[in-house]
Amino acid sequence: MTIANIMLVDDEVPFVEAMTRRLTKRDVEIHAAYSGEEALQKLSKTNSIEVVILDIKMPGMDGIEALKQIKLRFPLVEVIMLTGHATVETGIEGMKQGAFDYLMKPCDINDLVAKVEQAARKKRQHEEKIIQARVKEITSRRT
Amino acid sequence: MWRKSVRAPYYKHLIRNMIFTILGVSFIPVFLVSWTIYYAFANAYHEKINTHLVTLVDNHKRQIDSFLNARLADILFLSENFTFAQLRDSEFLQAKLLSLKNNYAGGFVDLGVVDADGNQVSYAGPFKLSRVRYADAPWFQTVMKNQVVVSDVFLGLRGFPHFIVAVKRFDGDRPWILRATIDFIAFNNLVENIRIGQTGFAAIVNKKGELQTKPRFQFNPAQGCFGRFIDCDQPITREIYSEERADENGEMTIYVSALLKNKEWLLVYQQKVSDALSDQRFAQRLSLIIFAMGGAGILLMAFLLSIRMVNRIATADQEKEMMNKQVIESGKLASLGELATGVAHEINNPVAIMVEEAGWIEDILTEKEFGGNPHMDELHRALKQINTQGKRCKEITTKLLSFARGSGSAIGMIQLNEIIEEVITLSSQRAKYANVEMRSQLNANLPEIKASETEMHQVLLNLVNNALYAMEKIGGSIEFKTFQRDETVVVEVADTGPGIPEAILGRIFDPFFTTKPVGQGTGLGLSICYGIIRKMDGDIQVKSTVGKGTTFIIIIPARNGLV
């Protein structure tokens with residue numbers, strides 16, 4: 001099984017391609033999107049994506065806006081902010097909006113993979129709990 | 001100091017305008033007042049003087065007339081109350097003379113009784129005048145005709161100036177004359193007493209122009225109208241008459257004349273106009289002096305005020321220019337900040353891509369096909385280098401961004417040590433090319449101060465740039481030191497450059513002062529620094545030794561961080 005199923009959202013095409021290659025080699029299943037809108041579209045089509053790596057500065061819908069939308073529509077999906085624009089304010093803003101963490105470009109690939117693992121684990125734990133709650137509810141109904 | 005400014009001609013113009021305006025506005029009232037005093041008052045005063053003199057002369061005329069009438073009355077009384085026979089007796093006459101002399105200080109010298117033929121039949125007095133004949137004397141002829149006479153002054157038989165008062169009486173139907181001589185001196189004193197000022201005097205003339213009194217000053221009655229005082233262009237018809245005209249020497253004189261003794265005599269009072277109006281002349285002169293002094297004062301004030309005002313304006317203009325320059329510098333810095341942000345972001349992305357691709361190559365190299373490749377080490381080393389340089393790019397852009405971030409002049413609590421380190425980083429490249437080593441000795445417990453990050457950057461960068469410029473040919477070092485002293489935070493920036501000569505050390509903070517060639521320096525850098533530090537209630541000082549180096553000392557009260 002893959003370490004995680006993630007989506008990488010960035011308007012810089014070469015960056016996305018390079019990252020895809022490297023992460024795939026490390027057992028990460030990776031989808032790509034080149035804009036905030038595209039990301040939301042893909043997320044609505046498939047629910048296997050666990051972690052989204054989101055660039056902050058993008059034309060059209062910017063990172064923070066996309067983050068808000070993801071948290072609104074797909075609350076279980078964890079988001080890691082990625083930025084070449086090293087502002088502490090956007091990082092803090094992202095955290096406030098529910099991002100899991102943030103990283104600065106260029107980033108160390110191993111750091112990134114570790115973070116992705118953590119994010120995926122958190123998401124899976126959440127899902128587990130939801131399933132358990134459901135089961136409990138069904139079984140308690142029987143009585 | 002306005003002369004040193006670039007806009008000196010404009011200021012010169014301004015000064016001239018101001019001076020003329022002040023002079024115009026001030027002189028007009030002063031002139032009006034002085035003119036009023038000079039002419040209007042003068043005329044009124046002159047008239048008053050005239051009136052006064054006329055009154056004076058009138059009074060004296062009355063006095064003299066009254067004197068003469070009194071003497072005549074004495075004789076009339078005497079002749080009325082005693083008969084010809086009584087008075088013929090010399091001893092009787094003598095007694096009467098005595099009583100006249102004692103009781104009436106009228107100046108009676110002698111008494112005489114004269115018969116109708118002019119023979120003096122009785123005489124009382126100091127002279128030997130018994131048995132004198134007066135038949136030819138004009139006074140005798142007049143009194144025989146007119147009953148009474150007051151004669152002109154004449155020397156007569158006695159050789160002294162005197163005049164006669166005589167009255168004709170009848171003894172039965174034979175006329176007889178009682179005659180008295182009036183002492184000229186007493187009479188003269190009456191007239192001579194009229195003296196006013198320094199040149200005023202009076203005299204009496206008769207119709208023939210002969211003086212009846214001895215005037216104080218030279219007076220030729222034959223001159224002018226008075227010689228024949230009824231024959232003038234303007235005959236004297238009024239009792240009192242006054243006029244001004246030039247006398248025999250050409251000096252303006254005021255003449256006041258009054259008719260006496262039934263128009264037979266003329267009392268003439270004259271005084272030089274300049275003397276009569278001496279007070280007025282004095283006031284006029286005074287007003288001229290006041291005008292002149294006031295005028296001089298106004299002129300002086302106009303100059304001083306204008307120059308001082310224009311100096312203030314020049315200073316204000318200069319400050320405004322400095323402020324403008326500072327605003328522009330700030331603006332430049334701000335846009336630089338924005339540029340930096342854009343650039344940083346633009347660079348980060350390509351750098352990130354490069355690093356990822358290098359990483360990707362490294363990943364591929366782990367495939368087993370590459371195992372045992374002799375070039376592996378070198379390949380790994382090269383790829384690591386790419387990674388390292390990528391990280392370095394990131395550091396630089398981070399620093400750049402943090403500098404740019406602070407490029408609002410927002411005031412906040414800042415740690416000077418951080419600022420210094422940023423400045424060192426920013427200047428490190430330039431320092432390397434100038435062969436200058438940057439060192440720092442920063443107190444780790446430095447308290448924060450309340451200030452604007454941008455401004456502190458500006459100040460420190462300015463000092464560093466100046467030092468680098470001074471040392472670029474010879475190299476050296478710049479050392480930053482920070483420490484706390486009492487209630488203040490102190491930053492010392494010391495270089496080992498050529499130093500600043502004593503002569504100009506006091507001027508380096510002056511605006512527009514620069515030792516750089518034209519076009520290279522604005523001369524504003526240090527003055528802006530000075531302004532910034534002063535605004536924080538701090539101080540910036542400089543110590544320098546030629547040949548050894550320069551140290552700038554910035555002192556900022558730490559207390560301002562508590563505000």
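Where a number appears in this text, it was derived from the coordinates with a stated rule and is not lab data. Keep in mind the model is a prediction, meaning the values are calculated, not measured. Glycine gets a Cβ as well: all are built from the backbone with ideal geometry, and neighbour counts include every protein chain shown.
With +1 assigned to the C-beta of every Lys and Arg and -1 to the C-beta of every Asp and Glu, and no other charges, what is the dipole magnitude of region A:4-142 about the Cα centre in debye, to the nearest 20? Numbers along the way, then the final one.
Working: 22 positive and 22 negative charges, 186 e Å.
Using only the charged Cβ atoms, the result is roughly 900 debye.
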key: Point-to-point label distance, A:Gln69-B:Glu369, nm (Cα→Cβ direction, 7 Å offset)   = 4.1
ask   = When DSSP assigns beta bridges and you keep just the ones with both residues in chain B, what percent turn out antiparallel, to the nearest 5?
value = 90
ask   = Over all directions, what mean area does the Cα convex hull of the protein assembly as shown project, stated in square nanometres?
value = 73.7
query = Going highest first, how would you order A:103-111, B:79-87 by mean Cβ packing within 10 Å?
reply = A:103-111, B:79-87
ask   = Among B:466-476, B:364-374, what's the highest-first ranking by average C-beta atoms within 10 angstrom per residue?
value = B:466-476, B:364-374
query = Counting each DSSP H run of 4 or more residues in chain B as -39500 (n - 2.57), what helix-only mean residue ellipticity at 222 nm follows after dividing by all residues, to the nearest 500 deg cm²/dmol?
reply = -17000 deg cm²/dmol
ask   = Hey, if you put +1 on the Cβ of every Lys and Arg and -1 on every Asp and Glu Cβ in the protein assembly as shown, which of B:Val256, B:Phe552, B:Gly172 ends up farthest toward the positive end of that dipole?
value = B:Gly172
request  = Please get the size of the charge dipole for the protein assembly as shown, origin at its Cα centre, with Cβ charges of +1 on Lys and Arg and -1 on Asp and Glu, quoted in debye to the nearest 20.
outcome  = 1900
remark   = Any aspartates and glutamates whose Cα falls less than 20 Å from that of B:Lys368, other than same-chain ones fewer than 8 residues away, would be A:Asp27, B:Glu357, B:Asp377, B:Glu378
query = For the Cα atoms of chain B, what angle does the longest principal axis make with the long axis of helix B:416-433, in degrees from 0 to 90, nearest 10?
reply = 70
query = To the nearest 10 degrees, how steeply does helix B:8-35 sit against the main Cα axis of chain B, on a 0 to 90 scale?
reply = 20
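Exceeding 30 Å between C-alpha atoms, which entries from my cross-link table qualify? They are B:Lys61/B:Lys208; A:Lys57/B:Lys391; A:Lys57/B:Lys450; A:Lys57/B:Lys384; A:Lys68/B:Lys332; B:Lys320/B:Lys394. Display every interim value, and only then the final one.
Details: B:Lys61/B:Lys208 19 Å; A:Lys57/B:Lys391 20 Å; A:Lys57/B:Lys450 33 Å; A:Lys57/B:Lys384 28 Å; A:Lys68/B:Lys332 36 Å; B:Lys320/B:Lys394 42 Å.
Correct reply: A:Lys57/B:Lys450; A:Lys68/B:Lys332; B:Lys320/B:Lys394.
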message = For B:Tyr39, B:Tyr530, which order do you get if you count the other beta carbons within 10 Å of each Cβ and list the fewest first?
response = B:Tyr39, B:Tyr530
note = For chain B, the longest principal axis of the Cα atoms and the Cα long axis of helix B:376-405 enclose an angle in degrees, to the nearest 10, of 20
inquiry  = Ignoring everything except DSSP H segments at least 4 long, calculate the 222 nm mean residue ellipticity for chain A; use -39,500 (n - 2.57) per segment, divide by total residues, nearest 500.
reply    = -17500 deg cm²/dmol
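Find how much the distance from B:Arg430 to B:Glu448 grows on full extension, using 0.36 nm per residue of separation minus their present alpha carbon separation; answer in nm with one decimal.
Values: separation 18, 0.36 × 18 = 6.48 nm, distance 2.86 nm.
Contour length minus Cα-Cα distance gives 3.6 nm.
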Region B:244-308-region B:90-163 distance, computed between alpha-carbon centres (Å) = 49
